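Where a number appears in this text, it was derived from the coordinates with a stated rule and is not lab data. What you are looking at is a predicted structure, and each value in this text was computed from that prediction instead of being measured. No Cβ is skipped: glycine too gets one built from the backbone with ideal geometry, and neighbour counts run over all protein chains shown.
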Amino acid sequence: MASFVVPITVISGIGAILAAVLVFAERVITNYGDVQVDINQGDKKLTVRGGGSLLETLTTQKIFIPSACGGRGTCGYCKVKVSEGAGPLLPTEEPYMDAQERGEGIRLSCQIKLRNDLKIEIPAELLTIKEYLCTCDEIIDYTYDIKQFRLTVLDGQLMKYTPGQYVQVLAPQYDKSNEEVYRAYSISSDPADKRAIELIVRRVSDGICTTYLFDYLKKGDKVRINGPYGRFYLRDTSAPVIFIAGGSGIAPIKCMLHDMKNNNNARKSIFFFGIRTTKDLFLEQEMKQLETELPKFKFVPVISQPEPGAPWQGAVGRVTNVAEDYLKQQDDVGNYEGYLCGSPGMIDASVEILTKCGITEDKIYYDKFS
Amino acid sequence: MSFGSHMLHLVVILFAAIFTDNILLARFLGMCSFLSVSRQVKTAVGLGFAVVFVMTFTISLDWFAYRYVLQPYGIEYFRFILFIIIIAAFVQFIEMAIERYSPVLYQNLGIFLPLITVNCAILGASLFMVIRDYDLAEGIAFGLGSGIGWMLAIVAMAGIRERLNNARIPKGLQGPGITLIIAGLMALAFIGFTGVLSSR
């Protein structure tokens, strides 16, 4: 009996003692006390508990730095400028930084631990990002894989955003996912509506958040979002505009067009909307309506693979080629501003075409859905 | 044994562990990090120092655990489990402490510590200490020597691999292939020292 009780007790005892020492050490040693985070040279000062990562600490303070991987250091989105107190660049950050960013002190906020006082600089609009609790009060099927969700902000708060920006939707834990994830979706609704926003979402097979939105979210359910984010918005000039979007990429452009209408913006504008087949076409009526309300706006849906026999009168081919043909006929191509939204492949192809036609890259703005 | 000859004995153990009985090139322990973290001399030096440090300390801790816990209870066969627990706990503790009290050291050495917990050379050194029946001083000399020997090997390998960047290597041999061949050649050279010194 004792022959195995003693050894097991001894070994377990030592294991327990070592574990206790480590737990105690973690309490004492990794207790960094309170540290101060100074944001944008004194714009905002936070006193927070040290020890955590900068990203998660800012999130608990309701300052949302965009991040797609949840702080594991794999997406490289959560970059902030740290002007004081971060120490040298870590090997885990190096792959995401180019020479210029290294020089400016750009860091990955998920990799920086709060050990001492920090001075950081973040885009001012991130300070206006808030979390909102909404109810989903309308779900519209546009096509077989695209739906529109209308979210009304509770608590009477108003959401201030610039048309073209996006929000992050929280997909809570559900049957098919045991972690909370945030995914980004552009706002598509009329900005005149301050109480609600609409999101146009294309289903991604096995996507955690789209599966939640498509299969689990019901009318009347609560949804948590935060935002707004993004630098994709209509620049305040009078230059003619070429919009190019594919599929659900129509969302931010629809929002911009509503805004142009609200402000009686008479800029010359044309919107090439690329889809695969007639089954993928949606929002056609709304766009036609906008054509009548905006005197110099034109909507051009382009179908790349028309079904044989489908009654389609419009443009056929790749959306980039149709846009190119249009630009070639314009004598003021150099004045145009390009606004692109869609898949990375479509954006890259569009940028190539636009620059080839004579629009300089600093006048091409885009939002890549990836 | 007089004090003088005891000191000499320790020096012999130290040098034997570095050269004639190199834990990496003669015993082939700690190969995984040797092959994967030997691309740059700078990181190899950082990892090497971390191994020297951890090996020297864990071998003394393991010596105490063996002498005062395992032997009295007659449960020496538990040494594998106990040594691993001690090494893991020590590395964790040191990582926390370095991160807290010396950020500069953490940058250069601390980030390698998690790699070491699973480095078999560390456990191997402690087990050799048991097999060879070392006393504490001999154990420390052996641990220090093994660590330095490991560092010597990985830094030499990193130096060679940095040069290899400019060499034209047949496609099929690039990466792991040529690295293993180099490791073999280095091991041959070190085996040439065998018998010059005896660590026993």
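Positive contributions from Lys and Arg (+1) and negative ones from Asp and Glu (-1), summed over other residues with Cβ under 13 Å from the Cβ of A:Asp221, come out at +2.
Let me check I have the definition right: for the stretch A:129-229, take the eigenvalues of the Cα gyration tensor, multiply each by 5, take square roots. What are those semi-axes in whole Å, largest first? Don't skip to the end; give the middle numbers.
On the way: eigenvalues 84, 45, 32 Å².
Taking √(5λ) for each eigenvalue gives 21, 15, 13 Å, largest first.
With springs only between Cα atoms under 10 Å apart, run a GNM on chain A and tell me which of A:Thr57, A:Thr292, A:Thr360 wobbles the most. Taking springs between Cα atoms under 10 Å, the residue moving most is A:Thr292. So how tilted is helix B:136-164 from the main axis of chain B? Cα-based, degrees 0 to 90, rounded to 10. Long axis of B:136-164 versus the principal axis of chain B: about 0 degrees. Using R0 = 56 Å, the C-beta based FRET efficiency linking A:Asp325 and A:Thr92 works out to 0.75.
Length, then width, then depth: along the principal axes, the Cα atoms of the stretch B:3-191 run 59, 40, 33 Å. Other residues within the sphere of radius under 12 Å centred on the Cβ of A:Thr30, judged by their own Cβ, net out at +2 (K and R +1, D and E -1).
In a DSSP loop and with at most 14 other Cβ atoms within 10 Å, the trypsin sites (Lys or Arg not before Pro) in the stretch A:29-85 are A:Lys62, A:Arg72. Across the stretch B:46-61, coupling constants 3J(HN,Hα) worked out from phi with the 6.51/-1.76/1.60 Karplus curve, θ = phi - 60°, read x, 5, x, 4, 4, 5, 4, 4, 5, 5, 4, 6, 5, 5, 6, 4 Hz, and Gly and Pro carry x.
Using r as the Cβ-Cβ distance of A:Ala192 and A:Asp362, and R0 as 22 Å, what FRET efficiency do you calculate, to the nearest 0.05? For A:Ala192 and A:Asp362, the calculated efficiency is 0.10.
Expressed as a fraction of 2.2 N^0.38 Å, the C-alpha radius of gyration for the protein assembly as shown is 1.31.
Considering only A:Gln313, A:Gln41, A:Gln305, the mean-square fluctuation computed in a Gaussian network model of chain A, springs between alpha carbons under 10 angstrom, is largest for A:Gln313.
Per-residue Karplus couplings for the stretch A:9-20, computed as 6.51 cos²θ - 1.76 cosθ + 1.60 with θ equal to phi - 60°, are listed in order as 4, 4, 5, 4, x, 5, x, 5, 4, 4, 4, 4 Hz, Gly and Pro entered as x. Relative to one another, the C-alpha centroids of the stretch A:190-218 and the stretch A:273-323 are positioned 23 Å apart.
So, with +1 on the Cβ of K and R and -1 on the Cβ of D and E, and no other charges, what is the size of the charge dipole of the stretch A:241-368 about its Cα centre, to the nearest 20 debye?
On the way: 14 positive and 17 negative charges, 38 e Å.
Its charge dipole is roughly 180 debye.
Can you give the calculated 222 nm mean residue ellipticity of chain A, where each DSSP H run of n ≥ 4 adds -39,500 (n - 2.57) and the sum is split over every residue, rounded to the nearest 500 deg cm²/dmol?
Details: 9 runs with 96 residues, N = 370.
Per the formula, -8000 deg cm²/dmol.
Taking a straight Cα-Cα cut-off under 14 Å and skipping sequence neighbours fewer than 8 places away in the same chain, the aspartates and glutamates within cross-link reach of A:Lys218 are A:Asp137, A:Glu138, A:Asp141. Taking a straight Cα-Cα cut-off under 14 Å and skipping sequence neighbours fewer than 8 places away in the same chain, no aspartates and glutamates fall within cross-link reach of B:Lys171.
Which one, A:Pro311, A:Pro66, A:Val23, projects farthest toward the positive side of the charge dipole computed for the protein assembly as shown from Cβ point charges (K/R +1, D/E -1)? Checked the options; the winner is A:Val23. Across the options A:Ala239, A:His258, A:Pro228, the greatest Cα extent toward the positive end of the charge dipole of the stretch A:215-261 (unit charges at beta carbon of Lys, Arg, Asp, Glu) belongs to A:Pro228.
Against the main long axis of the alpha-carbon atoms of chain A, helix A:284-293 sits at an angle near 70°.
Kirkwood hydrodynamic radius computed over the stretch A:275-314 comes to 11.2 Å, based on all pairs of distinct alpha carbons.
Think of it as helices only: each DSSP H run of n ≥ 4 in chain B is worth -39500 (n - 2.57), and spread over all residues that comes to -22000 deg cm²/dmol at 222 nm.
What order do you get for B:Asp21, A:Asp206 when you list them from fewest to most C-beta neighbours inside 10 Å?
On the way: B:Asp21 24, A:Asp206 8.
In order of increasing Cβ crowding within 10 Å: A:Asp206, B:Asp21.
Note on A:Lys298: aspartates and glutamates with a C-alpha under 19 Å away, same-chain residues under 8 apart excluded, are A:Asp190, A:Asp259, A:Glu284, A:Glu286, A:Glu324, A:Asp325, A:Asp331, A:Asp332, A:Glu337. Among the cysteines of chain A, those whose beta-carbon sits 4.7 Å or more from every other cysteine beta-carbon are A:Cys78, A:Cys110, A:Cys134, A:Cys136, A:Cys209, A:Cys255, A:Cys341, A:Cys357. Mean projected area of the Cα convex hull of the stretch A:241-368, taken over all directions, amounts to 7.5 nm².
Mind pulling the per residue volume of the convex hull built on the Cα atoms of the stretch A:234-311? Å³ is fine. The partial results should precede the final answer.
Numbers: hull volume 6.6 nm³, N = 78.
Convex hull of Cα atoms, per residue: 84 Å³.
In the structure shown, the pairs A:Lys44/A:Lys261; A:Lys160/A:Lys254; A:Lys81/A:Lys268; A:Lys219/A:Lys279; A:Lys254/A:Lys363; A:Lys119/A:Lys368 are assessed against 28 Å; a Cα-Cα span above that value is assigned to A:Lys44/A:Lys261; A:Lys81/A:Lys268; A:Lys119/A:Lys368.
Charges only on Cβ, +1 for Lys and Arg, -1 for Asp and Glu: so what's the dipole of the stretch A:129-229 about the Cα centre, in debye to the nearest 20?
Values: 14 positive and 15 negative charges, 43 e Å.
With Lys and Arg at +1 and Asp and Glu at -1, about 200 debye.
With Cα atoms defining each centre, the stretch A:82-111 and the stretch A:157-183 are spaced 27 Å apart in the structure. For chain A, the dipole from Cβ point charges (+1 on Lys and Arg, -1 on Asp and Glu) about the Cα centre works out to 440 debye, to the nearest 20. Shielding of peptide A:24-31 by partners, expressed as the average count of other chain Cβ atoms within 10 Å per residue Cβ, is 3.
Report for the protein assembly as shown the percent antiparallel among DSSP-assigned beta bridges with both residues inside it, nearest 5. List each step's numbers first, then the result.
On the way: 44 of 72 bridges.
If we restrict to bridges inside the protein assembly as shown, about 60 percent are antiparallel.
In the stretch B:3-191, Cα pairs under 8 Å separated by at least six residues give a relative contact order of 44 percent.
When the charge dipole of the stretch A:129-229 is built from unit charges on Cβ atoms (+1 for Lys and Arg, -1 for Asp and Glu) and taken about the Cα centre, the candidate among A:Val169, A:Gly156, A:Val201 whose Cα reaches farthest toward its positive end is A:Gly156.
Here the Karplus relation 6.51 cos²θ - 1.76 cosθ + 1.60, evaluated at θ = phi - 60°, turns the backbone of the stretch A:141-155 into coupling constants of 7, 8, 9, 5, 10, 10, 10, 10, 10, 9, 10, 9, 6, 7, 6 Hz, with x for every Gly and Pro. A straight line joining the Cα centroids of the stretch B:144-196 and the stretch B:82-121 runs 25 Å.
Just to confirm a number: summing +1 for Lys and Arg and -1 for Asp and Glu over residues other than A:Lys45 whose beta-carbon lies under 11 angstrom from that of A:Lys45, what do you get? Numbers along the way, then the final one.
Values: positive: A:Lys44, A:Lys119; negative: A:Asp38, A:Asp43, A:Asp117.
Cβ neighbours under 11 Å give a net charge of -1.
The angle separating the long axis of helix A:319-328 from the principal Cα axis of greatest extent in chain A is about 50 degrees.
In this structure the amide hydrogen of A:Gly52, modeled in the peptide plane, comes within under 5 Å of the amide hydrogens of A:Leu114, none closer than 5 places in sequence on its chain.
Springs join every pair of Cα atoms under 10 Å in this Gaussian network model of chain B, and among B:Asn165, B:Asn22, B:Asn119 the largest mean-square fluctuation is at B:Asn165.
When 1/r is averaged over all different Cα pairs and the result inverted, which Kirkwood radius in Å belongs to the stretch A:34-126? It is 13.1 Å.
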